[in-house]
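Reviewing the structure listed below.
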Amino acid sequence: MTGTDQPTRQELTASPAEIGLLLPGLGRVMVALSVGSAAHERIGRIAHVARRGGALCLGGETELDLGAVRRVVLDRGSVMRGQVYPRLEFQDGAGTVLMRVVGMEGEAPFETNLAHLLGPALTPEEAAPTPAAEAGPEVAAEDCAATALLRRLHAAGGPVRVALRTGPAWQAWEGVPPEPRLVMGYVNLIAPSFHLHLRLGSVAGFHVSEEGWEAVDGAGARFGLTLRPLDAAALEGMG
């Protein structure tokens, strides 16, 4: 239970599309997608939500295939420095989390806007497991393909689109990338409205295409992360 005597986890009773349309009322949030050892997080208020075809579209930056979503769970279990950071988990039929929406302003916006949708409490056995990322080889920062490219893009000083596609979900951010930070085995981009986290060694290299630099794993497979310079000079210099 939480400090408000609410269950830690509850399933919501409305459809994923109906819940999605309520997201602008939740205040400042973090919308997070992840695949393997890569996490792409946008931070801020969601100004506009629409349903286009079978997709839930959060502005022009995030899309989620509603056909893949089987339920939405409200989790109140994340507490830091005395504040609850509630999150919505859009899950598939196996309980895998396809997209997270984390409240950055505490419980109040979530409880106010979602109170009429609260369903049954979920027991710990029903909580979706968090898959562990494969360890992979240890790689020094100077030998990490992702670190090298992120440093190159930061030094160039031009705007870049950073996008992650995870199958049923897609999210992008555009801006001048900040200087990469190395923390606890990860290389990170930390901007006020965007975070990117990549475990060192999780990117073996990049495939250059019309889409930009597409990250590949140790087996040479693209896993959905793309970095694309947005100015003409940088595009001509890709390679």
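The values are calculated or read from the model by the stated rules, or taken from the named source; none is laboratory data. Since the model is a prediction, treat every value here as computed from it, not as a measurement. Backbone-built Cβ (ideal geometry, glycine too); neighbour counts: all protein chains shown.
Hey, does region 107-122 have a residue that's closer than 28 Å to TYR186 by Cβ, of a type in the set (Asp, Glu) and surrounded by 15 or more Cβ atoms within 10 Å (Cβ to Cβ)? No. Checking each residue in region 166-180 for being within 22 Å of ARG100 (Cβ to Cβ) and without any contact (Cβ under 8 Å) to a residue 60 or more places away in the chain picks out GLU174, GLY175.
The residues in region 5-25 that are touching a Lys or Arg at 6+ places or on another chain (Cβ under 9 Å) and over 14 Å from ASP75 (Cβ atoms) can be counted, and the count is 5.
Here's the yes/no breakdown for (1) basic (Lys, Arg); (2) within 13 Å of ALA145 (Cβ to Cβ); (3) at pLDDT 95 or above; (4) outside the structural domain of VAL102 (by TED's automatic domain parsing):
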{"site": "SER202", "(1), (2), (3), (4)": "no, yes, no, yes"}
{"site": "PHE206", "(1), (2), (3), (4)": "no, yes, yes, yes"}
{"site": "ALA215", "(1), (2), (3), (4)": "no, yes, yes, yes"}
{"site": "LEU230", "(1), (2), (3), (4)": "no, no, no, yes"}
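Applying the criterion of being under 27 Å from LEU150 (Cβ atoms) and in contact with a Gly (Cβ under 7 Å, 6 or more places away or on another chain) to the residues of region 17-44, the residue that is modelled with the lowest pLDDT is VAL35. Using beta carbons and a limit of 6 Å, which pairs, at least six apart or on different chains, have the first residue in region 72-98 and in the same structural domain as MET30 (by TED's automatic domain parsing) and the second one in a loop (DSSP other than H, G, I, E, B) and among the small types (Gly, Ala, Ser)? Pairs that qualify, where the first residue is in the same structural domain as MET30 (by TED's automatic domain parsing) and the partner is in a loop (DSSP other than H, G, I, E, B) and among the small types (Gly, Ala, Ser), are GLN83/GLY106; TYR85/SER78; GLN91/ALA128; GLY95/ALA128; VAL97/ALA128. What is the residue count in region 45-95 for residues that are among the β-branched types (Val, Ile, Thr) and modelled with pLDDT under 95? Final tally of qualifying residues: 2. The set of residues in region 56-113 that are small (Gly, Ala, Ser) and outside any loop (DSSP other than H, G, I, E, B) comprises GLY67, ALA68, GLY103, ALA108. Does THR147 fit the bill of being within 13 Å of the chain's Cα centre (by Cα) and either crowded, with 19+ Cβ neighbours inside 10 Å or at pLDDT below 95 (or both)? So THR147 fails the test.
Residues in region 151-187 that are part of a strand (DSSP E or B), surrounded by fewer than 17 Cβ atoms within 10 Å (Cβ to Cβ) and either touching a Lys or Arg at 6+ places or on another chain (Cβ under 8 Å) or not assigned by TED's automatic domain parsing to the domain that holds SER202 (or both): 2 in all. Whenever a residue of region 220-239 is part of a loop (DSSP other than H, G, I, E, B) and surrounded by 10 or more Cβ atoms within 10 Å (Cβ to Cβ), its partners that are among the basic types (Lys, Arg) and at pLDDT 95 or above, lying with C-beta atoms within less than 9 angstrom and at least six residues away or across chains, give the pairs LEU230/ARG161; MET238/ARG228. Selection of region 36-55 for residues being assigned to a loop (DSSP other than H, G, I, E, B) and not polar (S, T, N, Q) yields GLY36, ILE46, ALA47, HIS48, GLY53, GLY54.
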